[in-house]
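Reviewing the structure listed below.
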Amino acid sequence: MAYSDKVVDHYEHPRNVGTLPKEDPNVGTGLVGAPECGDVMRLQMKINPETQVIEEAKFKTFGCGSAIASSSLATEWVKGKTVAEALAISNTDIVRELSLPPVKIHCSVLAEDAIKAAIADWKKKKETSTTAATATTVGD
Amino acid sequence: MAIKLPIYMDYHATTPVDPRVVETMLPYFHEKFGNAASRNHSFGWTAEEAVENARAQIARLINATPKEIIFTSGATESNNLALKGAAEMYREKGNHIITQVTEHKAVLDTCKRLEKYGYEVTYLPVAKDGRIDLDDLRRAITAKTILITIMYANNEIGVVQPIQEIGKIAKEKGILFHTDGVQAAGKIPVDVQKDNLDMISLTAHKIYGPKGCGALYVRRRNPRVQLSAQIDGGGHERGMRSGTLNVPGIVGFGKAAELCQNEMAEESTRLRGLRERLKDTIFAKLDEVYINGSMTHRLPHNINISFAFVEGESLLMGINDVAVSSGSACTSATLEPSYVLKALGVGEDLAHTSIRFGLGRFNTQEEVDYVTSRVIEVVQRLRELSPLYEMAKEGIDLSKMNWGASAGH
């Protein structure tokens, strides 16, 4: 199977590899896939609560070259976008950008899921911290 | 010495034709092109003589007699002929066949076909080391059992089955014993007498001969095995396999067998040394690596390793100047990881990370060292990228994680 130049480029020079502090209330973590399926992606974003802008994005991926490239591309794309803009990224955009063959479409789906999961995690954290804050106020 | 890239280390898939074999074959394309079945002129006689010479060379490799060698188009056909031919011939005697789960598809799919025709097939499980349990085999035998077919050595993990013991059991019970011998013959000693084999499938292209040329050994005495032909025609090969013989291919097959026989002792020692060197270096430099299958009962030129937390296809992509293969789902058309590794009880997570190294005649120590260092380098790089490696290092038990439903597959 031949890989597209863009997949090879992301595989050889993955962007934004790393880990953000999970406990940071402004960091959302999305962990999707399963080792048994041969793909696990972890996408993390640091989101400014005021502006809703994604200031930082990091990933780590266990998976084939296309899975690595899809998640690397996702971090590149979400950086600087607002949460709403990031949620609008669809797997088909990734397929097109990386020229993924049909058998690798699930890699792009996983990357889209990872973006959504990271944002959902961040939203959940925000709600809990708001509830916690309110509770504290009431307690006072 | 500069290394020539890419490096081929996938000798279980196929082998290059040895130049000495090519040399032997050449006259049989143009100059000595006769049909071995032409009885009326010297062109035919010359071809027939060459075929009979090759038949003897192949017979010697497995301690058979030349008349017991039936030429085919390859081991897939040999397996089909052995199983279907025996099933059909001995239908009156019974309808039960015993095989095991890590067989090549040429055996498994033939068995499935026979099941459709009303035969019953028992698929023996294998232990963690990849070998069948002889007690399982004994228990599986019934009054209806006509054939046991168990491969000599596995193509993915190189595990050698207890062939002599299986042969003994089959002989005691009066059941025919066939083995798919493509990975073993020419590489380790195979002896149809000592091993009590009634049939063994062989192919030229795994032993440095040409593709498209195989053979089936069919025992003629004690017992005399009979097969129903699966291809009808001119009644070639004692009526068991019609079709004009591939004379150049057969000549090459014969020469390849002779070379293997003469060089086996030296070659297997050399390859075992290289294999150990590769394995030891990898194990010294990397943690969380696992060997799939028995190390004791294994072909000397095979090693199959799981590199935990690194998906196999991504590893292959990183070592793209080296030809090896992976049990990862992503490298197969079915998106299923290796059924052989699954049968061993290797978790699907580890099956996805497996690489098969198949060493062979033309590999050098320089090549092994190059491949080893490339593998180590790429595994380290990909582990830096792997969330699973990071989690495992943090002490998270990945098997206890709830991975939930994902959009993957």
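No other cysteine beta carbon under 4.7 Å away is the test; run it over chain A and list who passes.
A:C37, A:C107 - these cysteines have no disulfide-compatible partner (Cβ-Cβ under 4.7 Å) in chain A.
Arranged by the count of other C-beta atoms within 10 angstrom, fewest first, what order do B:W45, A:W122, B:W403 take?
B:W45, B:W403, A:W122
Using alpha carbons only, how many angstrom separate the centre of the stretch A:17-83 from the centre of the stretch B:259-287?
If we compute the Cα centre of each part, the gap is 43 Å.
Using a 10 Å cut-off around each Cβ, can you sort B:L316, B:L216 from fewest to most neighbouring Cβ atoms?
Ranking B:L316, B:L216 by Cβ neighbours within 10 Å, fewest first, gives B:L316, B:L216.
Taking the Cα centre of the protein assembly as shown as origin, sum charge times position over the Cβ atoms of Lys and Arg (+1) and Asp and Glu (-1), and report the length of that vector in debye to the nearest 20.
Using Cβ point charges on Lys, Arg, Asp and Glu, the protein assembly as shown gives about 1700 debye.
Checking the a/c ratio against 1.5 first, then a/b against b/c, what shape does the Cα gyration tensor give for the stretch B:102-238?
Rounded shape, in that the Cα axes give a/c under 1.5.
Hey, got a sec? Which trypsin sites (Lys or Arg not before Pro) in the stretch B:146-182 land in a DSSP loop and have at most 10 other Cβ atoms within 10 Å?
Counting only loop positions with at most 10 other Cβ atoms within 10 Å, none of the trypsin sites (Lys or Arg not before Pro) in the stretch B:146-182 qualifies.
What translational diffusion coefficient, in µm²/s and rounded to a whole number, does the Stokes-Einstein relation yield for chain B at 25 °C and a viscosity of 0.890 mPa s, taking the hydrodynamic radius as the Kirkwood radius over Cα pairs?
D = 109 µm²/s.
Please list, in chain and number order, the residues 5+ apart from A:D39 or on another chain whose amide H is under 5 Å from its amide H, with Hs placed from the backbone.
For A:D39, the qualifying residues are A:A34.
Have a look at B:G235, B:G74, B:G85 and tell me which one the Gaussian network model of chain B (Cα, springs below 10 Å) gives the largest fluctuation.
Of B:G235, B:G74, B:G85, the Gaussian network model singles out B:G235 as fluctuating most.
For chain B, list the DSSP H helices whose alpha carbon atoms reach 24 Å or more along the long axis and whose average Kyte-Doolittle value is -0.5 or above?
What comes out of the filter, once short or polar helices are dropped, is B:42-61, B:247-285.
Using only the Cα atoms of the stretch B:116-195, what do you get for the radius of gyration and for Dmax, in Å?
For the stretch B:116-195, the Cα-based Rg and Dmax read 12.8, 37 Å.
So for chain B, averaging the separation of alpha carbon pairs under 8 Å that are six or more residues apart and normalising by length, what relative contact order in percent results?
After rounding, I find 21 percent.
With the radius of gyration and the Kirkwood radius both derived from the Cα set of the stretch B:177-255, what is their ratio Rg to Rh?
My calculation of the ratio gives 0.97.
With θ taken as phi - 60° and the coefficients 6.51, -1.76 and 1.60, list the Karplus ³J(HN,Hα) couplings across the stretch A:73-81 in order, rounded to whole Hz; mark glycine and proline as x.
For the stretch A:73-81, the Karplus curve yields 4, 4, 5, 4, 6, 6, 4, x, 8 Hz.
Can you give the Rg/Rh ratio of chain A, where Rg is from the C-alpha atoms and Rh is the Kirkwood radius?
Taking Rg over the Kirkwood Rh, I get 1.05.
Tell me what the protein assembly as shown gives for mean residue ellipticity at 222 nm when only DSSP H runs of n ≥ 4 count, each as -39,500 (n - 2.57), the sum divided by the residue total, rounded to 500 deg cm²/dmol.
-13000 deg cm²/dmol
Can you tell me the dipole magnitude for the stretch B:25-121 around its Cα centre, using point charges on the Cβ only (Lys, Arg +1; Asp, Glu -1), in Debye to the nearest 20?
Taking the Cα centre of the stretch B:25-121 as origin, the dipole is about 100 debye.
According to the Cα gyration tensor, what semi-axes, each the square root of 5 times an eigenvalue, does the equivalent ellipsoid of the protein assembly as shown have, listed from largest to smallest in whole Å?
Three semi-axes, in Å: 54, 25, 20.
Please get the size of the charge dipole for chain B, origin at its Cα centre, with Cβ charges of +1 on Lys and Arg and -1 on Asp and Glu, quoted in debye to the nearest 20.
Here chain B has a charge dipole of around 1320 debye.
Could you work out, for the stretch B:272-375, what percent of all Cα-Cα pairs fall into each 5 Å distance bin, beginning at 0 Å and stopping at the bin that holds the largest distance?
All Cα pairs considered, the percentages come to 2, 13, 24, 26, 21, 11, 3, 0.
At a 10 Å Cβ-Cβ cut-off, how would you order B:R20, B:R221, B:R298, fewest neighbours first?
Placing the least packed residue first, the sequence is B:R221, B:R20, B:R298.
We did not get these values from a lab; they are worked out from the coordinates using the rules stated. Predicted, not measured: the structure shown is a model, and the values here were computed from it. Because the Cβ atoms are built from the backbone with ideal geometry, glycine has one as well, and the counts that use them run over all protein chains shown.
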